[in-house]
Amino acid sequence: MNPFIILGPIGMVVVGLLSILTWKLKRNVRMKYFVFGGLIWIVSILPKVAMDLALISATISRWARELFYPSLTFFLVIGAYTGFRTGIFETFFPYLAISRSGLKKISFNEAIAFGIGFGAFEAILIAIPSVINIAVFLTNPSILQLLPPQQREFIIAQLSLPTWVVFAPMIERALTILIHVFSILLIFISITHKKPTYLIASFFYKSSVDAAIPYLDYTFNPSLSPVGAYLCELWVALLALIAIAGIHRISKLGKIEEVRPST
């Protein structure tokens, strides 16, 4: 087993913390806006967790697999389900929180902070369990013998990947934070300018992120293939480029900052 594999999730935590620290120091934005964004992410993720615990996702996946796997229809069905639930929850709850509070009056820089907090909390909170699990397996490898053979082999294979794969999750989190920021800005614009089309755009944009995951996982096997892990990031990178262009355009148009100057 490769002990340096733990650097992957640790790097995800670092990316999340650095994104917050960088924007705070650069724009002197109060920490509460990052925290608000992070708390809204937690609220947004709870319905997805509940659906998984209630075996709704597993049931839909099993049904689609029995009927369509491995045809294109299978990936369309599972991708649509995965993308829709991400889009609806990660758009609806931020929209609700922003539209029903004073957040709708914040500046462009503060809205960016909100989006960074949304993505940074995700990076940190999904990485911490991985850090703990990897640390436990590395320090107590005998625990692996208690697992079912197939699961044990899968985990050992993951922990035996080459060190250079650890940069893939870090890159993914950095790119995903940009995606979250752009999606959040679209929601702010929809609210402050009373244009539902921006909210719809945010929904479809955010849905597209996860909609491709089932097909990418099947095609590139990123969990066990270092090359595949990086190839999967091409889709995320494309969406991040759209985010960068969108954020730049919004900053030039002053869509949010016209409300009031940053404090």
(request) Check Ser223 against each of (1) open to solvent by less than 70 Å² (accessible area, probe 1.4 Å); (2) polar (S, T, N, Q); (3) more than 26 Å from Ser61 (Cα to Cα) and name the one condition it does not meet. (result) (3)
(request) State yes or no: is Phe204 at pLDDT 95 or above, surrounded by fewer than 19 Cβ atoms within 10 Å (Cβ to Cβ) and of a type outside the set (Val, Ile, Thr)? (result) yes
(request) For the range 103-115, name all the residues that are closer than 15 Å to Gly246 by Cα and crowded, with 24+ Cβ neighbours inside 10 Å. (result) Ala111, Ile112, Gly115
(request) List the number of the failed condition for Leu55; all other conditions in (1) open to solvent by 50 Å² or more (accessible area, probe 1.4 Å); (2) among the aliphatic types (A, V, I, L, M); (3) at pLDDT 95 or above hold. (result) (3)
(message) Tally up the residues in the range 29-73 that are in contact (Cβ under 8 Å) with a residue 60 or more places away in the chain and more than 22 Å from Glu122 (Cβ to Cβ), please.
(response) 1
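Conditions tested, residue by residue: (1) modelled with pLDDT of 95 or more; (2) assigned to a loop (DSSP other than H, G, I, E, B); (3) touching a Pro at 6+ places or on another chain (Cβ under 9 Å).
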residue: Phe182; (1), (2), (3): yes, no, no
residue: Leu186; (1), (2), (3): yes, no, no
residue: Lys194; (1), (2), (3): no, yes, no
residue: Ile200; (1), (2), (3): yes, no, no
residue: Tyr218; (1), (2), (3): no, no, yes
residue: Val227; (1), (2), (3): yes, no, no
residue: Ala237; (1), (2), (3): yes, no, no
residue: Ala240; (1), (2), (3): yes, no, no
residue: Ser251; (1), (2), (3): no, no, no
(request) Residues being touching a Ser or Thr at 6+ places or on another chain (Cβ under 6 Å) and open to solvent by less than 10 Å² (accessible area, probe 1.4 Å): count how many of those fall in the range 178-187. (result) 2
(message) Among the residues of the range 183-229, what is the count of those that are touching a residue at least 24 places away in the same chain (Cβ under 8 Å), of a type in the set (Phe, Trp, Tyr) and closer than 21 Å to Ile244 by Cα?
(response) 4
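The values are calculated or read from the model by the stated rules, or taken from the named source; none is laboratory data. Predicted, not measured: the structure shown is a model, and the values here were computed from it. Don't worry about glycine lacking a Cβ; one is built from the backbone with ideal geometry, like all the others, and counts go over all protein chains shown. Side chains included, ligands, DNA and RNA excluded: accessible areas come from the protein's heavy atoms. Shrake-Rupley method; radii C 1.70, N 1.55, O 1.52, S 1.80 Å.
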